[in-house]
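The values are calculated or read from the model by the stated rules, or taken from the named source; none is laboratory data. Computed from a predicted model, the values in this text were never measured in an experiment. Neighbour counts are summed over all protein chains in view; Cβ atoms, including those assigned to glycine, are modelled from backbone coordinates with ideal geometry. Accessible surface is based on the protein model in full, side chains and every heavy atom, while ligands, DNA and RNA are left aside. Shrake-Rupley method; radii C 1.70, N 1.55, O 1.52, S 1.80 Å.
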Amino acid sequence: MDIVELKLLVNNFKVDEEIKDIFPYGSGHINDTYKVVCEKDFYKVNYILQRINHTIFTKPLELQENVALVCKQQSKDNAKLRDGYRRNLILIHTRDEKVCFVDEKGNYWRMYEFLAHTIGYDVVETEAQAFQAAKAFGAFMNSMSQIPSDKFHETIPDFHNTPKRFAALEEAIKADKAHRLSSCQEEVEFALANKSMTEKLLKLHNEGKIPMRVTHNDTKMNNVLLDADTDEALCVIDLDTVMPGLVHYDFGDLVRTSTSPAGEDEKDLDKVYMRLNIFKALLGGYLSMTRDVLNDLEIETLPLGGQLMTFEVGIRFLTDYLNGDVYFKTKYDEHNLVRCRTQFKLVKSMQEQEEEMQVALQKALCKIESLKNA
Ligand code: ADP
Ligand code: GN1
Ligand code: MG
């Protein structure tokens, strides 16, 4: 869409400033995101404009009901804080008071206030950033626990049902729609060899040992915005998949997206591995908020969450590669395969450090205990 069309679109929302510029923004794989730069009386006021991917989120209105629910709860929780206005997403309503605008082509659009002076990291640089992000997602889960889980629509059914994700991979292998199977034999073999991992957590849930909670489900490092100067985590964003889930989905995706020193699409696999010091920082941050909420088995299995989520996303990238890149945005032909390789390399690195991760967990628990007793 060109800027003239985008400006017309923004005019449907309660934006009264003069629109100076609109351009694509961020590195999300799903929605189309734009930054809208506005000005009023020489003051800059910016917004985020998003086209919801309605091929993936087939019920955008239900999705927006979830988003509005989360924003309301978060703003209530932050109301007393001095800088509370920077700590939750603020939806801009349409001129007729709706939470999204539907254009003549049937596209669904939403707008948020732009959270100024923040950064979402694709790659974590310091332990402090990891600690902050994990703390913020832990606090987010606590905040969501105040909303009854049946108030949420399931925006993507079976989103983290790893066995079903695996079945989808098996289908894709069989169909070989894009004739790419011969170019990813090694990755397919790795996936098949690790199939048994996919059932572990759901089995514990089905046995009544670990509960479903309201989780974020897409806790990618760049889905939390940190203050650009201090790196304090301010706001959890990308609320499209907030719905019932296991705590491991949230902790696990943080491990996936922050422990490697390289990006999700790094081609040099020597640069991809699990950094134990970042894992420790994640444990510290996450448990500082959730230690008293989670049961012992949930805590004990947190490291497994890291492996499982990384494996799950790896098989999703591989499935999409085999299907001809129909789900994730890609920039070149082998993009999904490259992403799959980084995920599998990271899984291997976690498998090699399983013992160290468990020791780190025990140490993190002792540290929290001693802080409590101090
Ligand atoms: P996607 O589902 O495609 O990942 P996101 O909602 O995560 O979409 O948005 C994409 C990117 O836009 C984010 O990673 C972040 O950099 C930026 N972003 C989103 N919302 C805001 C906001 N309110 N203020 C500032 N930046 C934002
Ligand atoms: C997508 O929207 P984004 O880029 O934050 C995806 C996640 C994957 C992630 C992999 C709705 O997240 O599930 O883990 O890409 N979101 C959806 O980077 O499928
Ligand atoms: Mg995102």
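Data table
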| quantity | calculated |
| --- | --- |
| Lone unmet requirement of (1) free of Cβ contacts under 8 Å to residues at least 60 places away in the same chain; (2) under 24 Å from MET357 (Cα atoms) for GLN185 | (2) |
| Search result, residues across region 112-132 that are within 10 Å of ligand 1 (Cβ to nearest atom) and of a type in the set (A, V, I, L, M) | LEU115, ALA116, ILE119 |
| Candidate set from region 198-222 (those that are open to solvent by 10 Å² or more (accessible area, probe 1.4 Å) and under 13 Å from TYR121 (Cβ atoms)); member that is nearest to ligand 1 (Cβ to nearest atom) | ASN222 |
| Test: residue in region 317-330 that is at pLDDT 95 or above, open to solvent by less than 10 Å² (accessible area, probe 1.4 Å) and under 18 Å from LYS220 (Cα atoms) | yes |
| Subset tally (residues that are of a type in the set (A, V, I, L, M, F, W, C), open to solvent by less than 20 Å² (accessible area, probe 1.4 Å) and within 20 Å of PHE114 (Cβ to Cβ)) for region 45-60 | 2 |
| Matching residues in region 295-307 - criterion: being in contact with a helix residue (DSSP H, G or I) (Cβ under 6 Å, 6 or more places away or on another chain) and not polar (S, T, N, Q) | GLU298, LEU302, PRO303, GLY305, GLY306 |
| Counted residues, region 107-127 - those being free of Cβ contacts under 8 Å to residues at least 60 places away in the same chain and assigned to a loop (DSSP other than H, G, I, E, B) | 2 |
| Residue that is nearest to the chain's Cα centre (by Cα) [pool: residues in region 245-273 that are open to solvent by 40 Å² or more (accessible area, probe 1.4 Å) and farther than 20 Å from PRO303 by Cα] | ASP265 |
| Scan of region 77-110 for residues that are basic (Lys, Arg) and open to solvent by 20 Å² or more (accessible area, probe 1.4 Å), ordered by number | LYS80, ARG82, ARG86, ARG87, ARG95, LYS98, LYS105 |
| Any chance PRO244 is touching a His at 6+ places or on another chain (Cβ under 9 Å) and touching a residue at least 60 places away in the same chain (Cβ under 8 Å) | no |
| Identity of the residue in region 226-240, open to solvent by 30 Å² or more (accessible area, probe 1.4 Å) and of a type in the set (A, V, I, L, M), that ends up farthest from ligand 1 (Cβ to nearest atom) | ALA228 |
| Region 106-123: number of residues that are within 13 Å of ILE237 (Cα to Cα) and either within 15 Å of ligand 2 (Cβ to nearest atom) or among the hydroxyl-bearing types (Ser, Thr, Tyr) (or both) | 4 |
| Criterion: within 16 Å of ligand 3 (Cβ to nearest atom), assigned by TED's automatic domain parsing to the domain that holds GLU300, of a type in the set (Asp, Glu) and out of contact with any Leu (no Cβ under 8 Å at 6 or more places or on another chain) - qualifying residue of ASP240, ASP218 | ASP218 |
| Filter result for the condition that a residue is in contact (Cβ under 8 Å) with a residue 24 or more places away in the chain, part of a loop (DSSP other than H, G, I, E, B) and open to solvent by less than 40 Å² (accessible area, probe 1.4 Å), over HIS160, HIS153 | HIS160 |
| Leading residue by the ranking (farthest from GLY252 (Cα to Cα)) among those in region 314-366 that are away from ligand 1 (no atom under 16 Å from the Cβ) and among the hydroxyl-bearing types (Ser, Thr, Tyr) | TYR332 |
| Which listed residue, of GLU113, GLU127, is more than 16 Å from ligand 3 (Cβ to nearest atom), of a type in the set (Asp, Glu), over 22 Å from GLY26 (Cβ atoms) and open to solvent by 60 Å² or more (accessible area, probe 1.4 Å) | GLU127 |
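Residues are listed down the side, and each one gets a yes or a no for (1) over 28 Å from LEU346 (Cα atoms); (2) modelled with pLDDT of 95 or more; (3) touching a Gly at 6+ places or on another chain (Cβ under 8 Å):
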position: ARG86; (1), (2), (3): yes, no, no
position: PHE101; (1), (2), (3): yes, yes, no
position: THR126; (1), (2), (3): no, yes, no
position: GLN132; (1), (2), (3): no, yes, yes
position: LYS135; (1), (2), (3): no, yes, yes
